Amino acid sequence: ALFVAGTYGGASGRLTGLSWGAEDLSADLGAETNRDAEGRFTEPFRFARNLCLAAAAAAKIQAIDTVFVDFRDLAGLKREAEEARRDGFTAKLAIHPAQVQTINEVFTPSPAAIATARAVIAAFAEKPGAGVVGIGGVMYDRPHLERAKQLLARAAAAGPG
């Protein structure tokens, strides 16, 4: 499935997200483990994760990161979820109910992120033809505007508190 990851776009109007399975892939590859001594994915699994992310972006659907199997390690889950969010994933699979709160906290946009997104959108609305705007000494261009819109859509989908 990794070799056709970029072909999901348009496959079905009902397709809204794409994920990957580190445990399934490790079994398919015959890998002894999919993580290094620090708990981070090894190269083949980072590659698969990146392909999933790029395929979801190409299909314009949600990228959902795989499970964090050590369900008692909420600090490790939080670190991995924050890395996934940073990279562009919009959600993470949970393997245990104890993980849901941490995952929701990480992937629900913060009030500060929402405020910044609104400011970016407002700045471009004031200057519709601008390719770049400045807010508080920081430059924002059209990709930032798109990211701001996406963040507000995720915040709306998450609902209040």
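The values are calculated or read from the model by the stated rules, or taken from the named source; none is laboratory data. Bear in mind that the values here come from a model prediction, so they are computed numbers and not experimental data. When we count neighbours, we look across all protein chains shown, and the Cβ atoms used for this are built from the backbone with ideal geometry, even at glycine.
In segment 89-111, of all residues being among the hydrophobic types (A, V, I, L, M, F, W, C) and farther than 24 Å from Ala54 by Cα, the one that is surrounded by the most Cβ atoms within 10 Å (Cβ to Cβ) corresponds to Ala98. The requirement of being of a type outside the set (Ser, Thr, Tyr) and either more than 16 Å from the chain's Cα centre (by Cα) or not assigned by TED's automatic domain parsing to the domain that holds Arg14 (or both) is fulfilled nowhere in segment 51-67; no residue meets it.
Scanning segment 60-78 finds no residues that are at pLDDT 95 or above, more than 29 Å from Ser110 (Cβ to Cβ) and of a type in the set (S, T, N, Q). Scanning segment 41-70 for residues that are in contact with a Leu (Cβ under 8 Å, 6 or more places away or on another chain) and either closer than 23 Å to Gln101 by Cβ or not in a helix (DSSP H, G or I) (or both) yields Ile61, Gln62, Ala63, Ile64, Asp65, Thr66, Val67, Phe68, Asp70.
Let's see how each residue does on (1) closer than 30 Å to Arg14 by Cβ; (2) in a helix (DSSP H, G or I); (3) aromatic (Phe, Trp, Tyr):
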position	(1), (2), (3)
Gly39	no, no, no
Lys78	no, yes, no
Ala81	yes, yes, no
Ala112	no, yes, no
Arg118	no, yes, no
Ala125	no, yes, no
Gly129	no, no, no
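Any chance segment 106-127 includes a residue that's of a type in the set (Phe, Trp, Tyr) and over 13 Å from the mean Cα position of the chain (by Cα)?
Keep residues of segment 106-127 that are of a type in the set (Phe, Trp, Tyr), which gives 107, 124.
Remaining after also requiring over 13 Å from the mean Cα position of the chain (by Cα): 124.
Within segment 106-127, one or more residues are of a type in the set (Phe, Trp, Tyr) and over 13 Å from the mean Cα position of the chain (by Cα).
Among the residues of segment 70-81, those identified as surrounded by 14 or more Cβ atoms within 10 Å (Cβ to Cβ) and more than 18 Å from Gly17 (Cα to Cα) are Asp70, Phe71, Asp73, Leu74, Gly76, Leu77, Lys78, Arg79, Glu80. Could you say whether any residue in segment 24-31 is more than 23 Å from Ala155 (Cβ to Cβ), surrounded by fewer than 17 Cβ atoms within 10 Å (Cβ to Cβ) and in contact (Cβ under 8 Å) with a residue 24 or more places away in the chain? Checked segment 24-31: no residue is more than 23 Å from Ala155 (Cβ to Cβ), surrounded by fewer than 17 Cβ atoms within 10 Å (Cβ to Cβ) and in contact (Cβ under 8 Å) with a residue 24 or more places away in the chain. Mind listing just one residue for me: the one in segment 112-123 that is under 9 Å from Ala148 (Cβ atoms) and in contact with a strand residue (DSSP E or B) (Cβ under 6 Å, 6 or more places away or on another chain) and, of those, surrounded by the most Cβ atoms within 10 Å (Cβ to Cβ)? Taking the candidates together, the pick is Val120.
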